[in-house]
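A short worksheet on the structure shown next.
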Amino acid sequence: MSAHFLDTTSPVPEKKGANERHFESLPVLSCKDLSVQLDGLPILKHIDLSFQSAQWLSVVGPNGAGKSTLLKALAGLQSYQGHVELKGRSIDQWAPKARAQQLSWMGQMSTYIDDLRAHDIVRLGRLPFQKTWSSLSPEDDLAVEESMRLTDTWDLRDRLMATLSGGQVQRVLLARVFCTKSEVLLMDEPLLALDPPFQSQWINWVRKLVANGVTVITVLHDLNVAMSAHQMLILNQGEVQFLGDTKSPDLHTALELVFEGSVRVVQAMGMQSQFDAPSHHVMLNPGGSSGSSF
């Protein structure tokens, strides 16, 4: 299926040359004919996607649809067949340090060391920018502090990770990925263990990043949070079922179909415009099939 994204890039002035116009229109991340097999089983099947700058795409689908595998492949962390390009260059051609400066990935079960302080964990996000045998620069320290203040973890900076709650740990790990200031952020289930107030805050954090030109791609099981994104990609059995604007009626229909009627998409009523909330909500439909899980 051919991918289509809303073009949020600024119009290119006519005085620029053709080569410059072509460069500015290049997607920041793309894949073509992307397939993944694990233990002989097809997990992803011939996926074509293209991501422009300053967009938020949510990836949803039933369990086993291939969502996490897609993010790993896009990050260059999963063997695949086909092509993945970061800023017009094969992701395999990027040196690991240079790639980490451009693209950051946060997995479902991100690792950390219990006896490190929260501040030390976040500082690890600046390692790709650190010169050999040198300490972090003042710019790095500022990025760390900004990300910890953003995620409300600055007051936890001297606490050992082992002493933090699950939600506090998750916010520290989010601070670590945010402080990279990469142009592309891939996050797999970033809301794990977060209370509702911080889930709402996370949406605001992502919107701020996108407003500053960052491309954010998230795997989410919470379909209502996923509806806050600009675009939604629906995967099922390793294939793209639909890709489109989260306000699209066709996407809403596809969402109900892929979850076999166990959810319904309804128009949000009330003050969503005032709070910049999604125009539609996803509701459980007890009368539908229970064969799909999200």
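The values are calculated or read from the model by the stated rules, or taken from the named source; none is laboratory data. Model, not experiment: these values are computed from the prediction. Reconstructed Cβ throughout: ideal geometry from the backbone, glycine too, with neighbour counts over all protein chains shown. The area values use the complete protein model at the heavy-atom level, side chains included, leaving out ligands, DNA and RNA. Shrake-Rupley method; radii C 1.70, N 1.55, O 1.52, S 1.80 Å.
When the P(r) of the chain is calculated, the portion above 33 Å amounts to 25% of the C-alpha pairs. Among the listed pairs LYS45/LYS247; LYS45/LYS67; LYS72/LYS97; LYS72/LYS208, which are separated by more than 20 Å between their Cα atoms? With Cα atoms farther than 20 Å apart: LYS45/LYS247; LYS72/LYS208. Highest GNM mean-square fluctuation among GLN78, GLN170, GLN102, for the chain modelled with Cα contacts below 10 Å: GLN78. Solvent-accessible area assigned to carbon and sulfur over the chain amounts to 52 percent, based on a 1.4 Å probe. Coordinate range of the alpha-carbon atoms in region 118-184 per principal axis, descending: 34, 25, 15 Å.
Per residue, the convex hull around the alpha carbon atoms of region 151-294 comes to 142 Å³. Extending 7 Å from the Cα toward the beta-carbon at both THR111 and ASP141 defines two label points whose distance is 3.0 nm. Helices that extend 20 Å or more along their long axis by alpha-carbon positions and average at least -1.0 on the Kyte-Doolittle scale are, among the DSSP H runs of the chain, 196-211.
Restricting to the chain, what percent of DSSP beta bridges are antiparallel, rounded to 5? In the chain, DSSP labels about 60 percent of beta bridges as antiparallel. Charge dipole (Cα centre; +1 on Lys/Arg Cβ, -1 on Asp/Glu Cβ; no other charges) of the chain amounts to roughly 480 debye.
Relative contact order of the chain, taken over Cα pairs closer than 8 Å and 6 or more residues apart, is 22 percent. Computed over protein heavy atoms with a 1.4 Å probe, the accessible surface of the chain works out to 51 Å² per residue.
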